[in-house]
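Worksheet: the structure to be examined is printed underneath.
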Amino acid sequence: MKERLRKYGNVVSCYGENLSFHCDDAKEVMIQLIVDDGVTNRGHRENIFNPEFNVMGSHTCEHKDFNQMSCIDYAGAFVVSGEPDPIEAQMDAFLKEEVDFPDMPPDVRSWK
């Protein structure tokens, strides 16, 4: 999944995926994933309600064996290829910031 997402950009922080089969509309997909009948670990439900996921993308299409298939990908954040990374920009600004220690003796290399 992460390799598929890398074609379009970079995942920031965390990511997850839900797959749904045989559902005809979005409401049916969400009900199937939240109820998670027959899935012992309830991973689909955990993905849907995971507070760390802030963005998602989805696609529904015909499937050769299961009629319909829906794929929902989640991430903490996502930076589209070619767009500036806001975290990288923030770190660059932080690292360029001048820091002044007026009471540090001139012959000292580090200060705690």
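Numbers below:
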item: Sole residue being exposed (fewer than 11 other Cβ atoms within 10 Å of the Cβ), touching a residue at least 24 places away in the same chain (Cβ under 8 Å) and not small (Gly, Ala, Ser), chosen from GLU97, GLU62, GLU83, GLU52; result: GLU83
item: Of the criteria (1) surrounded by 13 or more Cβ atoms within 10 Å (Cβ to Cβ); (2) of a type outside the set (Val, Ile, Thr); (3) without any contact (Cβ under 8 Å) to a residue 24 or more places away in the chain; (4) within 20 Å of ARG6 (Cα to Cα), which one TYR74 fails; result: (3)
item: Criterion (in contact (Cβ under 8 Å) with a residue 12 or more places away in the chain and among the basic types (Lys, Arg)) met by exactly one of LYS27, LYS2; result: LYS2
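Bear in mind that the values in this text are calculations on the coordinates, not laboratory data. A quick note: this is a predicted structure, and the numbers were derived from the prediction, not measured. Cβ atoms come from the backbone with ideal geometry, glycine included; neighbour counts cover every protein chain shown.
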